[in-house]
Every structure is written in structure tokens, then in C-alpha cells.
Amino acid sequence: MARRPRIAIVGLGLVGGSLARALVTGGYRVTGIDWPLVVRRARRGRAITDGATRAEAAAAADVVVLAAPPATNLRLLRRLAKVARPGLVITDVSSVKGEIVREAARLGLRGFVGGHPMAGTEKRGFAASSAGLFRGAAWWIVPGRDRRATRVVRSLVRATGARPIPVDAATHDRAMAFLSHVPQVVAWALLEAARGDAVARLHLRRAGTGFRDMTRLARSPRPLWNDILDANRVEVRRALG
């Protein structure tokens, strides 16, 4: 029986923490990399089998998952490129694929496979993570130049209960502008419009389920979404038009 790959996850927030929980539950060895306090919480919660605080520690694993915001993942990718050994598989969970796929190619990282799970909530941080977050969800995969790396990532996705779906980066980013990124902007706009009206803001607590459902996303973390919208700005502008 083949040995299961050792996994390193850089970033133990909602998605990274949930991925760690799902894989550890499935019997994988997972090193979680984040700030010391987050790593300690993940250890106590048995969401990881090992912990580290420097991204370079991920290079000792067989598979590295970059689970930070898009701009941070790009910086992490460049750092890993300096220490990556041949055969290292790298993937990410960013909701924008074009930029990081191009950067991986520029850096000569043949083992990079783009990824994006269509699962999440408006909550953030390790405390919001759940081993069942990806169960039944679609997980976009941008196949890399190395077929083995793509097979490895596809296998990990299935281990979480998600369904791997192949896509090219340009198609992914255009679709996400309509299906994810613009809905976030619309949720902010609806809530701010209601708050800005002298009468409506007095009755926000009395809003029905329709308004609450439409504005749930407005509670999502602004810094993360500013990063995402900037990374996919061309397609978001197209979708808004």
C-alpha cells in the first residue's frame, strides 16, 4: 500500500483549518503553519499532527497547500520556490486563479496545481473551521504541467468529501466574478444603502429573511475581500458592467 503524502497547510483560517481537520480525520499527517497562537489552538483541537511558524518549513512535506489570501499566497509561492525540491506538489485555495498560475509558471514550479473549493461561510479564523466544510462541494482544479501532481491534488480533494472539477484559470476567474465576487459587492451595497437611509436604518433589526439572506455576505472580512476583488479586478469590472 502506497504511503500517504505528508501535507503542510500554510494558513489555518476557515478554509485552511477546515482542510487540516478533514485530512487529519482521514488519516493524513498534517503540519499546520501559522502564527504561534493559531498553531497552539490547532494542536489543542487535534486539527494538525505537527505545527510550525515559518512557511519554509512546508518544503519538508510532500504536498503544500497555500491557504492565505491571494496576495499573501503569491508571496509565499515565491518563498517556497527558493527551497522547493524536485517532486514537491504545491496547490492553493485562492478564489482567483490567473495570477498565481502565471506566477507558478514563471517560477518554474512544475508541481503547482491551482485549486479553489466552493465552500465557506461569512465567518473567519480557525475557530470557524469544520472537518465537514467541503463535503459535497465542488473544488475547482487548474491542472498543472505535472500529471502526477494533479492526480495527488485530486486525491486530496476527494479525501475531504469534495468533487474535483478541472477548469482553466481564465474560465475560473470569469465565472467566479459572476458567481462569487459580484454577489459579495452587492451584499455590501444593499446593507450600506439601508444603513444610509434615515428611515430604513431604524428598522434593520426588523428585516425579514429575504434581506438577511441577501446581506449575510456583508459580514465577511473586508481585508480578505479587498484582496480578492483586486486580484480579479478585470473580470469583476466586466461582470459589474
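The values are calculated or read from the model by the stated rules, or taken from the named source; none is laboratory data. Computed from a predicted model, the values in this text were never measured in an experiment. Glycine gets a Cβ as well: all are built from the backbone with ideal geometry, and neighbour counts include every protein chain shown. These area figures cover heavy atoms from the full protein model, side chains too; ligands, DNA and RNA do not enter into them. Shrake-Rupley method; radii C 1.70, N 1.55, O 1.52, S 1.80 Å.
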Item to complete: Give the calculated FRET efficiency between Arg106 and Asp197 to the nearest 0.05, with a Förster radius of 30 Å applied to their Cβ-Cβ distance.
Response: 0.05
Worksheet item: Asp213: accessible area at probe 1.4 Å, nearest 10 Å²?
Response: 110
Item to complete: Starting from the amide H of Ile165, placed 1.01 Å from N in the peptide plane, find each other amide H under 5 Å away whose residue is 5 or more places distant or on another chain.
Response: Trp139, Trp140, Ile141
Fill in: Extended-chain gain in nm, criterion 0.36 nm per residue less alpha-carbon gap, Thr53 and Leu240
63.4 nm
Worksheet item: For region 213-222, in order, what is each residue's ³J(HN,Hα) by Karplus, 6.51 cos²θ - 1.76 cosθ + 1.60 with θ = phi - 60°, in whole Hz (x at glycine and Pro)?
Response: 5, 5, 10, 4, 5, 5, 7, 5, x, 4
Response to the item:
The answer for Gly51, listing residues at least 5 apart or on another chain whose modeled amide H is closer than 5 Å to its amide H, is Gly32
Response to the item:
Length gained if Arg145 through Ala60 is fully extended, taking 0.36 nm per residue and subtracting the Cα-Cα distance, is 28.4 nm
Worksheet entry | MRE, 222 nm, helices only [DSSP H, n ≥ 4, -39500 (n - 2.57), over the chain, to nearest 500] | -12500 deg cm²/dmol
Fill in: Residue among Pro36, Pro69, Pro117 with the largest mean-square fluctuation in a Gaussian network model of the chain, springs linking Cα atoms under 10 Å
Pro36
Discussion item. Quick check on region 1-144: take the gyration tensor over C-alpha atoms, sort the square-rooted eigenvalues as a ≥ b ≥ c, and tell me if it's rounded (a/c under 1.5), prolate or oblate.
Written reply: rounded
Worksheet, complete the sentence: A correct Karplus calculation of ³J(HN,Hα) over region 178-191, with 6.51 cos²θ - 1.76 cosθ + 1.60, θ = phi - 60°, whole Hz and x for Gly and Pro, returns 7, 8, 9, 6, 5, x, 5, 4, 5, 4, 4, 4, 4, 5
Practice prompt. Could you pull the accessible area for Met214 with a 1.4 Å probe, rounded to 10 Å²?
Written response: 110
Worksheet item: Across region 201-209, in residue order, what do the Karplus-derived ³J(HN,Hα) couplings come to in whole Hz, using 6.51 cos²θ - 1.76 cosθ + 1.60 with θ = phi - 60° and x for Gly and Pro?
Response: 5, 6, 10, 4, 5, 9, 4, x, 5
Worksheet item: With Cβ to Cβ distances under 12 Å as the rule, what net charge do the other residues near Arg148 carry (K, R +1; D, E -1)?
Response: +3
Practice prompt. Report the FRET efficiency, 1/(1 + (r/R0)^6), for Arg4 and Ser130, where r is their Cβ-Cβ distance and R0 is 25 Å, rounded to 0.05.
Written response: 0.70
Worksheet item: Which cross-chain or sequence-distant (5 or more) residues have an amide H under 5 Å from the amide H of Val64, H modelled 1.01 Å from N in plane?
Response: Ala8, Val89, Ile90, Thr91
Worksheet item: How do Leu23, Leu190, Leu109 rank by accessible surface area computed with a 1.4 Å probe, from largest to smallest?
Response: Leu190, Leu109, Leu23
Item to complete: Would you work out the relative contact order for region 1-149, in percent, from Cα pairs under 8 angstrom that are 6 or more residues apart?
Response: 26
